[in-house]
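Colleague: What follows is a single structure, and I will ask about it in a moment.
The values are calculated or read from the model by the stated rules, or taken from the named source; none is laboratory data. All values reported here derive from a predicted model rather than from experimental measurement. All Cβ positions, even for glycine, are placed from backbone atoms using ideal geometry, and neighbour counts span all protein chains on display. For accessibility, only protein heavy atoms count, side chains too; no ligands or nucleic acids. Shrake-Rupley method; radii C 1.70, N 1.55, O 1.52, S 1.80 Å.
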Amino acid sequence: MLELKKSPWIFVKEYGLTTLGMLCYVLGWSIFLLPNNLVGGGVSGISAIVYYALGLPMGYTYFVINLILLLIGFKVMGGGFGGKTVYAIVITSIMLNVIPPLIPEYISQALAVSNGKMLSTIIGGVMTGVGIAMAISQGGSSGGTDIIALIVAKYRNVSPGKLILLMDVIIILSSMFVPSYYVGTDTVIPFAEKLANSIYGLIFITVNGYAIDMFLSGTKQSVQVFIFSKKYAEIADAVTHGLHRGVTHISAEGWYTKSESNILMILARKTDLNPLLRYVKMIDPEAFISVSNVMGVYGQGFDVLKGTGNKKKKNA
């Protein structure tokens, strides 16, 4: 069976975009959230609470908690988290320690503090959400409470999304009961301000989740591909076994030439298009290919068609 080898460029691209995403994530925290003493959900939210209370840089807490969760996850779920998730956690931990001290105070003052906590919450939520989504789109993850949700979902019929949201809310609300200090000072943050910061934190996780969904929705777009080739059987086998996508074979006749031809129709995610085209090029460089975007694809391997269905009427 033909196997598509991953070129060094693709390897560099995937890890490069993961690094860029985590950099965007850390800059959102460093410029907009930390200078305003704002909190968030997940492991980064716990790390921020520890930072405000003890002055310990976020990277240490972030790494230790994620390491514990990864070890538990590997034990319970097996080694399914992938190298990119481990890489994302390590690089984020390093950047959370290195980058915040490098941000000049006047930049945080001008961009974040002077513009108020609401605007900082929104911008920080968008930046961190886009950063996480970039890592997810490359097959990685920022780890954290996602691992807990996956473990619980394995043994209980609980929605991982709802569980993550619940944990985020608990983490944010818990910040009100932990002694906190303004960044770089010995001044205690009053309870009323911590209450306000918790409300901003709830807004933050909402914006963060929306940004992730908006970014990833682009990667869920689907395409319809028609391939005209004499080597249709080899291409069909390669796509079926290599990309794990279904292939439909259509027997056709050229109206002008009156000769028989064979067409392959494939529905795939937009992210699968480049590997698919590389398969075709490797097998038959002379193949004729037509690609078009489709509005929606529902069924196995794609989106789920939701609906209430037909309700049975009860006899009177």
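Colleague: Would you mind computing Rg(Cα) / (2.2 N^0.38 Å) for the stretch 82-228, counting N as its residues?
Modeller: Expressed relative to 2.2 N^0.38 Å, the Cα Rg reads 1.26.
Colleague: When the chain is fully extended, how far beyond the present Cα-Cα distance does Ser259 get from Asp186, taking 0.36 nm per residue of separation?
Modeller: 17.9 nm
Colleague: I need the Debye-formula profile for the stretch 204-286: one equal scatterer per C-alpha, no solvent, reported as log10 I(q)/I(0) at q = 0.16, 0.17, 0.19 1/Å, two decimals.
Modeller: Treating every Cα as an identical point scatterer, log10 I(q)/I(0) equals -0.67, -0.72, -0.83.
Colleague: To the nearest 0.05, how large is the calculated FRET efficiency for Gln109 and Asn157 if R₀ is 35 Å and r is the Cβ-Cβ distance?
Modeller: According to the calculation, E is roughly 0.10.
Colleague: Loop by DSSP (not H, G, I, E, B), at most 16 other beta-carbon atoms within 10 Å: where is the longest site-free stretch of the chain for chymotrypsin sites (Phe, Trp or Tyr not before Pro)?
Modeller: 1-181
Colleague: Turning to a different aspect of this structure: Got the relative contact order for the stretch 33-158 handy, in percent, Cα pairs under 8 Å and 6 or more residues apart?
Modeller: It rounds to 34 percent for the stretch 33-158.
Colleague: Mind ranking Leu27, Leu34, Leu71 by accessible surface for me, highest first, 1.4 Å probe?
Modeller: Order by accessible area, largest first: Leu71, Leu27, Leu34.
Colleague: Around Leu166, with a cut-off of 15 angstrom between Cβ atoms, what is the net charge of the other residues, counting Lys and Arg +1 and Asp and Glu -1?
Modeller: After counting each charged neighbour, the total is 0.
Colleague: Calculate the all-directions average of the projected area of the chain's alpha-carbon convex hull, and give it in nm².
Modeller: So the mean shadow area of the Cα hull is 25.0 nm².
Colleague: Keeping all protein chains in place, calculate the accessible area per residue for the stretch 93-162 (probe 1.4 angstrom), answer in Å².
Modeller: Result: 50 Å² per residue.
Colleague: On the protein heavy atoms, probe 1.4 angstrom, tell me the percent of accessible surface of the chain carried by carbon and sulfur.
Modeller: Here it works out to 64 percent.
Colleague: Separate question: I'd like to know how the stretch 10-63 sits against the 2.2 N^0.38 Å rule of thumb: what's its Cα Rg over that expected value?
Modeller: Against the empirical 2.2 N^0.38 Å value, I get 1.28 for the stretch 10-63.
Colleague: Between Lys75 and Ser292, what is the label-point separation in nm under the 7 Å Cα-to-beta-carbon projection?
Modeller: For Ser292 paired with Lys75, the spin-label model returns 5.5 nm.
Colleague: For the chain, what is the relative contact order in percent, using Cα pairs closer than 8 Å and at least 6 residues apart in sequence?
Modeller: The value is 21 percent.
Colleague: I'd like the distance between the alpha-carbon centres of the stretch 31-101 and the stretch 127-141, rounded to an integer number of Å.
Modeller: If you average the Cα positions of each part, the centres end up 15 Å apart.
Colleague: Quick one: what Rg and Dmax do you get for the stretch 166-214 from the alpha carbons, in Å?
Modeller: 12.6, 40
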